[in-house]
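The block underneath contains the structure these notes are about, expressed in structure tokens.
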Amino acid sequence: MNLRKALYEASEGKCFFTGKFVALDEVSVDHLYPLSMGGRNCIANYVLTDNITNIKKSDAVEHTLVERMQYLNIILYAPRVLALYQKYSQKVLPSSDWLTLDCFLKDKKLILDSGSKNNLRGFLKSKADYRIERPVGKRGKHAVFNVLHLEKIYAEFPSRFIA
């Protein structure tokens, strides 16, 4: 409920796809990039729409258009949703909003050698929110990064993600 409320307020009650006002009882939270096609459950992938538009869209995706819409969503919309969600729920980010650098690179289909990856990890630690976690049932620790920050940095510094 808190996420729906945050999405509604951040979008000023307007459908992401049509720009039309949506009554609160007709609101639907849609995945911009469908789960069935590899989309994630995270704030950067959620948009507000109405039930009818969501049903019509279904899993229809034009990849270039979705990439552009996701970029706009990440830069303009998702940070406000995140702030409102945290305000309403008084919770930290859901774990799906944090990724290791390896998972992020895999999602983007990018391959870096270990030296380039270490350099990038150091750069990201100076630019993005991160925390250190110990994987369940494994030894050692690893850094996980805020997905919204990773996406924004990837958009601003694409050359850093190339070996």
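Quick one: length gained pulling K127 to K87 fully straight, 0.36 nm per residue minus the C-alpha distance?
Separation in residues times 0.36 nm, less the Cα-Cα distance, equals 12.0 nm.
Set the bar at 31 Å for Cα to Cα. Now go through K87/K125; K57/K152; K108/K141; K20/K87; K14/K125 and name every pair that lies beyond it.
K14/K125
Find how much the distance from E9 to D107 grows on full extension, using 0.36 nm per residue of separation minus their present alpha carbon separation; answer in nm with one decimal.
Residue separation times 0.36 nm, minus the Cα-Cα distance, leaves 32.3 nm.
Note down the magnitude of the dipole of region 2-89 about its Cα centre, charges +1 on Lys and Arg C-beta and -1 on Asp and Glu C-beta and zero elsewhere, to the nearest 20 debye.
200
Which residues' amide hydrogens lie under 5 Å from the amide hydrogen of D50, considering only partners 5 or more residues apart or on another chain, with H built in the peptide plane?
S28
Read the figures in this text as sums done on the coordinates, not as results from a lab. Predicted model only: the values in this text are computed from it and were never measured. Note: ideal-geometry Cβ built from the backbone for every residue, glycine included; neighbour counts use all protein chains shown.
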